[in-house]
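One structure below.
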There are 2 protein chains.
Amino acid sequence: MLKRFDAYGWHTARVEDGNDIEAIDRAIDWAIADERPSLIAVRTVIGFGSPNKAGSQKSHGAPLGPDEVKLTKAAYGVDPEATFAVPADVAALYKERSDHGATLVAEHTKKLLAYATAFPAEAAELQRRMAGTLPAGWESALPKYELGGDAPTRNVSQSSISALGAVLPELIGGSADLSESNLTDIHGGGKFTATESGRNISYGVREHAMAAIANGISYHGGLIPFVATFLTFSDYLRGALRLAALANLGSIFVFTHDSIGLGEDGPTHQPVEHYAALRAIPNVRFFRPGDPNEAAAAWGVAVERRHAPTVLAFTRQKLPVLSGSITGAAAGVRRGAYVLREATGAAKMILISTGSELHLAVAAAEQLEAAGTPTRVVSMPCPELFGEQDAAYRESVLPAALRARVAIEAGVSLGWDRWSGTDGAIIAMDRFGASAPAPTLFKEFGFTPERIVEIAKGVLAGSVHGVVPTPHLHDGHQVR
Amino acid sequence: MLKRFDAYGWHTARVEDGNDIEAIDRAIDWAIADERPSLIAVRTVIGFGSPNKAGSQKSHGAPLGPDEVKLTKAAYGVDPEATFAVPADVAALYKERSDHGATLVAEHTKKLLAYATAFPAEAAELQRRMAGTLPAGWESALPKYELGGDAPTRNVSQSSISALGAVLPELIGGSADLSESNLTDIHGGGKFTATESGRNISYGVREHAMAAIANGISYHGGLIPFVATFLTFSDYLRGALRLAALANLGSIFVFTHDSIGLGEDGPTHQPVEHYAALRAIPNVRFFRPGDPNEAAAAWGVAVERRHAPTVLAFTRQKLPVLSGSITGAAAGVRRGAYVLREATGAAKMILISTGSELHLAVAAAEQLEAAGTPTRVVSMPCPELFGEQDAAYRESVLPAALRARVAIEAGVSLGWDRWSGTDGAIIAMDRFGASAPAPTLFKEFGFTPERIVEIAKGVLAGSVHGVVPTPHLHDGHQVR
């Protein structure tokens, strides 16, 4: 165990007796004196002091029980009948440490006040960062995209990171050895290394540690940490992401290459179940923005959300700017879903979509309108956040009476029934992907405006509802 | 890197030049001669031979391009214009290896035939195991439970493992250092160590490696591997579980302590999002059996399912035997869902549930019946498997016309709308748990027959539908 950490370049030490306070003290002093990270292995006895259960797994998973508690108290020289008896020397030690702590806090507060008097602007800035609030006007830094443009949303994320980095000095982060693919550079932010105190961290291929480090930074406060990898590799950091959610930490997770749209790398790298798997974690908000403006808006929501983790899913491939996002994305993404394209006349069909399928839904809506069906397109980058909105807003986006709906997303169908409804349909990716250029995959797996139109017509006719089976690939090489 | 594997007790070696075939040969010979697992680090140049892209990340993520391909072919002395040109010496080497392989296969087949003649029974057994079929009558080994009994389903799993282990010599497995909690001992199966060839593997606290090892065993064939840990720690092995699903491997995953019902260990150990997160993976079938008979039946389905992974979720706490499972579980679990309790008269309400909430649904149904509402209880240990059944069976369990439904599960609500429907309701656990005795948690988080009855009445009255908010804990210590 220690050898492994030696191999990592850590300082390691061993204390053979967990009751040897002086040896532990010495080991801690050595660790503090050593510039490397330290691991001190201390040998202890589980259930120490319990006459019958010490050294046994019996003292691990279950309480000692009233009789054994009495015996253990006796073994420690404490009155076996007393509850919460604290020996006088222990109470005195705690009192002494508590007084010492109060002195330190008072000294710190005094220093801080002196600092605020001498450097009022800097002190206000420190206070702002530690409080986790954002400076006035920060939103205007986010990039905006005009009709006719297009961009991979990972590139929009890159622009957002650099733009936010310029107005938010507390933004700090990096990628698990995929910065060239995730596009996470804070331009001009400098490097964070053993000798440099910049804001770009090279985490290396260690997703779980990366997320755990971000959690530590969040716990410290005063900084907004982000981490990045491919969406499919989010599986490797779920433990730390879950803890961020459980501990109300505002770490930001940037996951690019968010679907079959990554193309040739194939099914091992193509997320399909990950949207549902991330949406499932309480307190996590998973955003899959559908065009460049939504991608920038999602970054805005993420930096605001300081007391819970935000996950941002971005594309490798280009997405066109959709006209509804230009005025709608900033407010709409913040509510989880919004009307991206209103029907011409009273809507008879709603298409609900996210990410790279959103522009296909818009194209399908245009075809449906041309065929005489007024069709609304709802962009739903974060269904969970939409579910938290007030009933009036939800009704304004998805009227309960309008049950002719089709949800379209290139991930598993799990969870979409809530929005498509019993009488609606779901076009999803209920199988693993394949290796081919992205346009081929979208076509072969059935994500085309023409198929959306066909299924929408089936829903209108009452002949189609529920999950539409995902097509097999024609070449027979698909995974079951 | 190599130091780390040295620390693990591996044999390690380094080859400085990836083009030095003899050095690689020597390193492999040493590795074969060494009894320890081996890691050989070979230094190579990415894109080797490409005049302009060798040694650069440009040759990693994108094709070289037609011009650079020609230059690279020229650098290798191959005709730049030829497509799929194979030098004669390479073709000859492959031919020689292919002929050698054919000889080895012929020798093996001959040996196998001789073995089958000399030992027909043993050869038939070998063939059975390699084919992944089960011996006649194996199902009768599974334990059965009578009305009035109860058991934690992890104990049923223990009984099933030992019973199946006796009739299936190919069953092999163990736990990630939690065998005392997961209860995974194949009684009389012996230990699998460096010197013993038994069937109980002590994996240590390394969930991902454990699952990867099981995948390797599945790839080899002839064995049925299972692994085990707490359900919440399934997050640590998702990468390997996903590969099992993608590669059609029949590894079995035993995850105990499957809900808030584990009690005092608290929210870090209490799975809530894991049901949905595991159901989301294509080709994975996640079973959460609702009583002892269903737990045994789920083990039966798992050992039969040789070409895709099965996940079994078991309780720490006792569950009562439900009368409908005695005759219904064996066939019903195999179909993913079944009518556990039929309504007295034409059903006006369907309660759908899984796992430790199933008996609460039965109790609620009895109260509803007493109040005049004929109520069916559907046990749905595996919704995905139920979704694959033919339409007639699905209609027989969940008639489309009967939309008054309540789904009850102590996990996140994500995915349940498919079965509860737009007009039904979901009682779920859309927040993290807490540390308290199990009965307290079920009560405080709203999993009681009385609350199910109240919500069912609301659904019947048309005043309740969709996800019912999960209550906060009264003590204010709940996690947001």
**Asked** What do you reckon, is A:Arg238 of a type in the set (Lys, Arg), within 14 Å of chain B (Cβ to nearest Cβ) and surrounded by fewer than 16 Cβ atoms within 10 Å (Cβ to Cβ)?
**Response** no
**Message:** Given (1) at pLDDT below 95; (2) touching an Asp or Glu at 6+ places or on another chain (Cβ under 7 Å); (3) surrounded by 15 or more Cβ atoms within 10 Å (Cβ to Cβ), identify the lone condition not met by B:His472.
**Reply:** (2)
**Fill in**
Checked against (1) assigned to a loop (DSSP other than H, G, I, E, B); (2) under 27 Å from the mean Cα position of the chain (by Cα); (3) more than 30 Å from B:Gly61 (Cβ to Cβ), A:Gly433 satisfies every condition except (3)
**Request:** Go through region B:159-184 and count every residue that is of a type in the set (D, E, K, R), touching a helix residue (DSSP H, G or I) at 6+ places or on another chain (Cβ under 9 Å) and surrounded by fewer than 19 Cβ atoms within 10 Å (Cβ to Cβ).
**Result:** 1
**Asked** Would a scan of region B:85-99 turn up a residue that is of a type in the set (S, T, N, Q), at pLDDT 95 or above and touching a helix residue (DSSP H, G or I) at 6+ places or on another chain (Cβ under 6 Å)?
**Response** no
**Asked** What are the residues in region B:437-473 that are of a type in the set (Gly, Ala, Ser) and part of a helix (DSSP H, G or I), if any?
**Response** B:Ala438, B:Ala456, B:Gly458, B:Ala461
**Residue satisfying all of: in region B:14-71; assigned to a helix (DSSP H, G or I) and among the basic types (Lys, Arg); nearest to A:Pro437 (Cα to Cα) among these** = B:Lys58
**Fill in**
Counting only helices (runs of 4 or more DSSP H) wholly inside region A:85-195, the ones holding at least 3 residues that are more than 20 Å from the chain's Cα centre (by Cα) and more than 26 Å from A:His359 (Cβ to Cβ) are A:88-118, A:120-131
**Asked** Can you tell me which residues in region A:241-271 are over 14 Å from A:Thr315 (Cα atoms), more than 9 Å from chain B (Cβ to nearest Cβ) and either hydroxyl-bearing (Ser, Thr, Tyr) or part of a loop (DSSP other than H, G, I, E, B) (or both)?
**Response** A:Leu249, A:Gly250, A:Ser251, A:Gly266
**Asked** Which members of region B:420-460 meet the condition of being touching a Leu at 6+ places or on another chain (Cβ under 7 Å) and facing chain A (nearest Cβ under 9 Å)?
**Response** B:Phe432
**Message:** Among the residues that make up region A:290-298, is at least one of them assigned to a loop (DSSP other than H, G, I, E, B) and either closer than 21 Å to A:Ser157 by Cα or among the charged types (D, E, K, R) (or both)?
**Reply:** yes
**Asked** Yes or no: A:Leu319 part of a strand (DSSP E or B), more than 14 Å from chain B (Cβ to nearest Cβ), touching a strand residue (DSSP E or B) at 6+ places or on another chain (Cβ under 9 Å) and farther than 21 Å from A:Gln389 by Cβ?
**Response** yes
**Request:** Output the residues belonging to region B:272-289 that are assigned to a helix (DSSP H, G or I) and either among the acidic types (Asp, Glu) or facing chain A (nearest Cβ under 7 Å) (or both).
**Result:** B:Ala276, B:Ala277, B:Arg279
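Let's see how each residue does on (1) surrounded by fewer than 16 Cβ atoms within 10 Å (Cβ to Cβ); (2) under 30 Å from A:Ser181 (Cβ atoms); (3) of a type in the set (D, E, K, R); (4) more than 14 Å from chain A (Cβ to nearest Cβ):
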{"position": "B:Met1", "(1), (2), (3), (4)": "yes, yes, no, no"}
{"position": "B:Arg4", "(1), (2), (3), (4)": "no, yes, yes, no"}
{"position": "B:Val15", "(1), (2), (3), (4)": "no, yes, no, yes"}
{"position": "B:Asp25", "(1), (2), (3), (4)": "yes, no, yes, yes"}
{"position": "B:Pro51", "(1), (2), (3), (4)": "yes, yes, no, yes"}
{"position": "B:Ser56", "(1), (2), (3), (4)": "yes, yes, no, no"}
{"position": "B:Leu71", "(1), (2), (3), (4)": "no, yes, no, yes"}
{"position": "B:Ala82", "(1), (2), (3), (4)": "yes, no, no, yes"}
{"position": "B:Arg97", "(1), (2), (3), (4)": "yes, no, yes, yes"}
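Residues are listed down the side, and each one gets a yes or a no for (1) among the acidic types (Asp, Glu); (2) over 22 Å from B:Leu241 (Cβ atoms); (3) without any contact (Cβ under 8 Å) to a residue 24 or more places away in the chain:
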{"residue": "B:Glu139", "(1), (2), (3)": "yes, yes, no"}
{"residue": "B:Gly148", "(1), (2), (3)": "no, yes, no"}
{"residue": "B:Ser159", "(1), (2), (3)": "no, yes, no"}
{"residue": "B:Glu180", "(1), (2), (3)": "yes, yes, yes"}
{"residue": "B:Leu183", "(1), (2), (3)": "no, no, no"}
{"residue": "B:Phe192", "(1), (2), (3)": "no, no, yes"}
{"residue": "B:Arg199", "(1), (2), (3)": "no, no, no"}
{"residue": "B:His208", "(1), (2), (3)": "no, no, no"}
{"residue": "B:Ala212", "(1), (2), (3)": "no, no, no"}
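The values are calculated or read from the model by the stated rules, or taken from the named source; none is laboratory data. In this text, all values refer to a predicted model and were calculated from it rather than measured experimentally. Here the Cβ is made from the backbone with ideal geometry for all residues, glycine too, and neighbour counts use every protein chain on show.
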